[in-house]
Amino acid sequence: MARDRSRGGVPGVPGATAAGRPGGGAAAAEHAYGEAERAAVYRAIRDRRDVRVGFRADPVPDDVLTRVLDAAHRAPSVGYSQPWDFIVVHDEDLRSRVHELVRVQRDEYARALPGARAQAFSGLKVEAILDTPVNVVVTVDPTRGGRHTLGRHAQPRTPGYSAALAVENLWLAARSEGLGVGWVSFFDERELARALDLPPHLEVVAYLCVGYVEDFPPEPELAMSGWARRRPLSWAVHRDHYGRRGLPGEDATSLLDETVGAITPLNQRALKEAEERQAAMTKPAGSLGVLEEVSVRLAGLAGECPPPVPEPAAVAVFAGDHGVHAQGVSGWPQEVTAQMVHNFLRGGAVVNAFAEQVGAEVTVVDVGVAADLPAVPGLLPRKIAHGTADFTQGPAMTRTQADYAVEAGIEAARDLVSAGNRCLITGDMGIGNTTPSAALIAAFTGADPAEVTGRGTGADDAMLERKIDVVRRALAANDIDTSDPVGVLAAVGGFEHAALTGFILGAAALRVPVLLDGVSAGAAAVVAAAIEPRALNACFAGHRSSEPGHAAALRHVGLRPLIDLEMRLGEGSGALLALPLLQGSVRALRDVATFGSAGVSERY
């Protein structure tokens, strides 16, 4: 009878059967749990929450806590080493000392946040050390099991992974007992180890706050607050090799194809509602000029009116070097690319100053810097190669390299949006990159290279003529077929142009506005539009660069710049200055009263 019951579906698990697959036979179902038991397992996984608020003062009975710890102790471990220990903390003085350690680190973290993030963080409760009746610390002994622990020889970090599995077991068991668990991570690990009198060979894996709660939130608290978003399962599943996407039973696809397929038209209902609200607001029709069209398009992009204010915002500075630099197209040495990346990471560049002014986050993505860069916070290592090839001699990239760079941009967009950002801003860094920008724009617009090639970082007349000649030779040396946009990217683009293209497509697929900077972003927008024209629905031109190619690119894709200050720095600088205009357009649509609500007479 139990076997018959187990053939039913699993509530909350689409398509699941007793055998773990549709139509599974009796042999496959022999060891499966019954429907109720299986549903309970999946429910505990689905309903587990990182709880920080709403704890009750009720003590946790010893037998309940022992069951939870026993579940944690039954976690799998490499080589059956069981490298964990559990410290059960009731002592109020000790918890107060730990709370102070956490407060110091939390405040330090808050000071490092950009403006919009800092404001959001101020409303979050990040720990419940003093609110719960018991805290549990999970530690790891990386040496447990001795020298010949099975599996640790080739994978020396497995003890920490094993201890993390113990944490997960504890968490799921606690949820099944009606206990909330909150993971505290704001502490210096060695300071906490000293407070707990840990011997030096033990490391803290997790500090957990455990107790009964008034209720469990329907979604993770960080998701409900808008701090972060859940990444879809499809983003994390690959077939046979990394990059071949597809859930079981689905056809495998590339990240680019998956992203392009997710780009849909603007929501017509939201567009209409925004247009009607603009007409009803207490102002003359059209008096906000371009900002009215901006707010309407943002509503159509978001699918709601008014749309969310595009904050927090993040600028991704894609950095790469160019083989064409050898042709003398820049007066700056190529080493400056890496030097400027270090400057970005130290916070000393214009992009950092402008980002701080508008409360935006700065992330640097190394897609092709010619130097090796250190692993530091704020730098995403996505290097395809140490710079492109000289495209006057043939393609700048292989097709595979171009695909990888586009995917790096898509992934960057996904990561930043999953982290809670509601507006993406393009940035770029690469000595000599205005030359491939001009080549891309000339290729897609059909303009003469002399019309779209500019002085970049200050070329004199002779260097400008050389740049124009280089662009002409690049277009002649390569097979330019604009019906194959990625092929054109590979031929005459740069790693940062390809990544910016992916960044734009990724934002459009996620229906998040992307604020474009200068000529490199303009070139990428031209490529993105050639791949999928509807990607332009998410694009807003932050400014018009003094580079002639940028104006040509904006005309080609039909975007109107929000500001025009004759800038040509790059980095994301011009787009950052335009961010308040994008945000202001939404605030006006949301907050300005209508004639009817304000009791103001309309024109007759």
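The values are calculated or read from the model by the stated rules, or taken from the named source; none is laboratory data. If you're wondering where the values come from, they're calculated on a predicted model, not measured in any experiment. Neighbour counts are summed over all protein chains in view; Cβ atoms, including those assigned to glycine, are modelled from backbone coordinates with ideal geometry. What goes into the accessible areas is simple: the full protein's heavy atoms, side chains included, and nothing from ligands, DNA or RNA. Shrake-Rupley method; radii C 1.70, N 1.55, O 1.52, S 1.80 Å.
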Q | Gain upon complete extension [residue 276, residue 564; 0.36 nm per residue less C-alpha separation] | A | 100.7 nm
(Q) Between residue 285 and residue 482, what is 0.36 nm times their sequence separation minus the Cα-Cα distance? Round to one decimal in nm. (A) 66.8 nm
Q) Dimensions of region 405-504 along principal axes (Cα, Å, largest first)? A) 47, 32, 18
Q | Around residue 500: net Lys/Arg minus Asp/Glu count, Cβ-Cβ under 12 Å | A | -3
Q. Relative to the longest principal Cα axis of the chain, at what angle does helix 62-73 sit, 0 to 90 degrees, rounded to 10?
A. 50
Q) What residues qualify as long-range amide H neighbours of residue 89, i.e. H under 5 Å apart, gap of 5 or more or another chain, H built at 1.01 Å from N? A) 135, 136, 137
Q) What is the packing order of peptides 34-42, 465-473, 113-121, 407-415, taking the mean over residues of other C-beta atoms within 10 Å and listing the highest first? A) 407-415, 465-473, 113-121, 34-42
Q) In region 182-263, carbon and sulfur make up what percent of the accessible area (probe 1.4 Å)? A) 52
Q. Counting Lys +1, Arg +1, Asp -1, Glu -1, what net charge surrounds residue 420 among other residues with beta carbon under 9 Å of its beta carbon?
A. +3
**Q.** Sequence ranges 590-600, 485-495, 424-434, 270-280, ranked by mean other-Cβ count within 10 angstrom, highest first
**A.** 424-434, 485-495, 270-280, 590-600
Q | region 447-516 shape via C-alpha gyration tensor axes, a/c threshold 1.5 | A | oblate
Q: Please report how far the C-alpha centroid of region 275-326 lies from that of region 133-194, rounded to the nearest whole angstrom.
A: 45
**Q.** DSSP-defined antiparallel bridges as percent of all bridges, the chain, nearest 5
**A.** 50
Q | Estimated 222 nm signal from helices in the chain, with DSSP H stretches of n ≥ 4 weighted -39500 (n - 2.57), rounded to 500 | A | -13500 deg cm²/dmol
Q) Of all accessible surface on region 357-501 at a 1.4 Å probe, what whole percent is carbon and sulfur? A) 49
(Q) Can you give me the angle between helix 268-280 and the longest principal axis of the chain, using Cα atoms only, in degrees from 0 to 90, rounded to the nearest 10? (A) 70
Q) Accessible area per residue, 1.4 Å probe, Å², for the chain: what's the number? A) 45
Q) What number, in nm² with one decimal, is the all-direction average of the projected area of the convex hull of the alpha-carbon atoms of region 296-388? A) 8.1
(Q) How charged is the neighbourhood of residue 149? Take every other residue with its Cβ under 15 Å from the Cβ of residue 149, and add Lys/Arg as +1 and Asp/Glu as -1. (A) +3
Q. Can you tell me the Rg and the Dmax, both Å, for the Cα atoms in region 194-279?
A. 22.8, 70
Q: Report, ordered by chain and residue number, the lysines lying within cross-link reach of residue 283, taken as a straight Cα distance under 24 Å and ignoring same-chain residues fewer than 8 apart.
A: 272
(Q) Please report the spacing between the Cα centers of region 492-568 and region 70-102 in Å, no decimals. (A) 50
Q.
I'd like the orientation of helix 519-531 relative to the chain: the angle between its Cα long axis and the longest Cα principal axis, in ° from 0 to 90, rounded to 10.
A. 80
